[in-house]
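Comments concern the structure below.
FYI, it's all coordinate maths here, none of it is from the lab. Not measured: the values here are computed from a predicted model. When we count neighbours, we look across all protein chains shown, and the Cβ atoms used for this are built from the backbone with ideal geometry, even at glycine.
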Amino acid sequence: MAMAKIIPLLLVLVPIRMAAARTDCPNVPLLGAVAACQKACGTKLMYDLCIRMMRQGGADMSPSHKERATAYAILAAHSAANSFDDTKLAASNQLSHNSSLSGKQRDAYEGCMNDYAPADSSIDRIADETLPSCRFTGLADEYTRVINSVEKCRDRLLTPTLVKTPLYPMVVADRNKAVLANMLGKLLGI
């Protein structure tokens, strides 16, 4: 019953987050959502992820609508941050409630929790402070820290048994969302 109430609330909050993310930073290109995905993404996988993220985030997808690229970068950073939160919660729940975890799984999940701490802190700072304030100095390094931290967790799970755990696809998705956030961030000229 609680989940039934949460999903409609999320559907309302995600577009509100997009509306709140509109920032008119100087010297940032003005473009449509589809054009931003085309310009930022070099592969079909990333382009498709970008379009999905834009739609889920409430971006106006009409060809005539244009936004500053900052809005798209903020939306991508928030999308990654939300995904990170889901993954950390899943790992935490497994550590707390799954007594059948092997020692190797437990060690990997705990390591991932440690790996996600700096990634989560950095992506939140990017989404909530750096991008909205139009301070792009050091942003490329911040995105790199995020990606590297998530990749550390992914690498911990790269064993035949751990890639079959529910956490592995979540971490791979998080890595892709972090890379997408970085790609859209590059539209800002960083």
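A few remarks follow.
- For the chain: lysine pairs under 20 Å (alpha-carbon distance), excluding those fewer than 8 apart on one chain: 15
- Enclosed volume per residue, in Å³, of the convex hull spanned by Cα atoms of the stretch 120-190: 72
- Pairwise label distance in nanometres, Arg52 with Asp141, each label 7 Å out on the Cα-Cβ vector: 3.3
- Across the options Ile126, Met113, Cys37, the greatest Cα extent toward the positive end of the charge dipole of the stretch 27-135 (unit charges at beta carbon of Lys, Arg, Asp, Glu) belongs to Cys37.
- Cα long-axis angle, helix 2-20 against the chain (0 to 90 degrees, to the nearest 10): 40
- Under the convention that each Lys and Arg Cβ holds +1 and each Asp and Glu Cβ holds -1, the size of the dipole of the stretch 31-143 around its Cα centre is about 420 debye.
- Residue-count net charge about Leu45 - beta-carbon cut-off 14 Å; Lys, Arg +1, Asp, Glu -1: +3
- Shown for the chain: cysteine residues without a partner Cβ closer than 4.7 Å, namely Cys41.
- Applying the Karplus relation 6.51 cos²θ - 1.76 cosθ + 1.60 with θ = phi - 60° to the stretch 175-190 yields 3J(HN,Hα) values of 4, 5, 5, 5, 5, 4, 4, 4, 4, 5, x, 5, 5, 7, x, 7 Hz, where x marks Gly and Pro.
- Among Thr159, Thr137, Thr165, Thr70, a tally of other beta-carbon atoms within 10 Å of each Cβ gives an order, fewest to most, of Thr137, Thr159, Thr165, Thr70.
- FRET efficiency estimate (nearest 0.05) - Cβ-Cβ, Glu110 to Ile190, R0 30 angstrom: 0.35
- Residue-span extension gain [Lys164 to Leu101] - 0.36 nm each, minus C-alpha spacing: 21.4 nm
- Over the stretch 70-186: Kirkwood hydrodynamic radius from C-alpha pairwise inverse distances, Å: 14.3
- Nitroxide proxy distance, nm - points 7 Å out along Cα→Cβ at Asp24 and Ser133: 2.2
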